[in-house]
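Read the structure below first, then the notes.
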Amino acid sequence: MTERSMQEPTLLLLTALADAPRHGYALLQEIEAISCGRVRMRTGTLYGALDRLLGQGLIRVASEEIVEGRARRTYALADPGRSALRAETERLRTVVAEAERRLSIPRLRGAFA
């Protein structure tokens with residue numbers, strides 16, 4: 001996962017699970033909060049991503065219970081997911097530092113860039 005950048009839904013889901021296990025609806029709320037309201041993930045997208053991340057071993061099912069007659073799974077970040085999130089955080093940190101460095105360089109007059 002470290003050889004290329006992480007897709008935003010994956011980044012947001014792993015980030016939402018980094019501090020505590022959460023069930024689906026709580027993940028939707030957390031993703032909206034993390035993105036300052038910019039991302040409102042649909043339920044189908046969420047569960048498709050959760051299934052994919054489970055299959056990749058990045059997250060795990062922390063618990064399952066029946067709530068009002070419906071099964072509720074709580075998901076947690078698995079060790080490989082924590083490692084992948086750390087690697088992506090470092091990659092983003094490096095890119096941001098380079099962007100900030102380049103933005104602070106005075107532009108030459110008439111230079112095409």
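The trypsin sites (Lys or Arg not before Pro) found in region 10-102 that occupy coil by DSSP, while having at most 16 further C-beta atoms within 10 Å, are Arg38, Arg40, Arg42. Rounded to the nearest Hz, the phi-derived 3J(HN,Hα) couplings of region 75-86 under the Karplus curve 6.51 cos²θ - 1.76 cosθ + 1.60 (θ = phi - 60°) are 9, 9, 6, 8, 3, x, x, 5, 5, 5, 5, 4, where x marks glycine and proline.
Near the amide H of Ala62, within less than 5 Å, lie the amide hydrogens of Thr74, Tyr75, Ala76, all on another chain or at least 5 residues away, with H placed in the peptide plane. Along region 93-101, what does the Karplus equation 6.51 cos²θ - 1.76 cosθ + 1.60 (θ = phi - 60°) give for ³J(HN,Hα), rounded to whole Hz, x for Gly and Pro? For region 93-101, the Karplus-derived couplings read 4, 5, 5, 4, 4, 5, 4, 5, 4 Hz, x marking Gly and Pro.
With 0.36 nm allotted per residue and the present C-alpha distance subtracted, the Thr89-Leu54 stretch has 10.6 nm of extension available. Remark: region 1-52 carries a charge dipole of roughly 160 debye about the Cα centre, counting +1 on each Lys and Arg Cβ and -1 on each Asp and Glu Cβ.
Between Ile66 and Asp79, what is 0.36 nm times their sequence separation minus the Cα-Cα distance? Round to one decimal in nm.
2.0 nm
Can you tally the net charge around Ile66? Count Lys and Arg as +1, Asp and Glu as -1, for every other residue whose Cβ sits under 12 Å from the Cβ of Ile66. Can you show the working numbers first?
Numbers: positive: Arg70, Arg72, Arg73; negative: Glu64, Glu65, Glu68.
Net charge around Ile66: 0.
Suppose a student asked you for the relative contact order of the chain, using Cα pairs under 8 Å spaced at least 6 residues apart; what percent would you report?
Working: 106 pairs, mean separation 31.3, N = 113.
With pairs under 8 Å counted, the relative contact order is 28 percent.
Put simply, the chain fits an ellipsoid with semi-axes of 36, 15, 11 Å; these come from the alpha carbon gyration tensor as the roots of five times its eigenvalues, largest first.
None of the figures in this text is laboratory data; all of them are computed from the coordinates on show. Keep in mind that what you see is a predicted model, and the values were worked out from it rather than measured. Here Cβ is always computed from backbone atoms with ideal geometry, including for glycine, and neighbour counts include all displayed protein chains.
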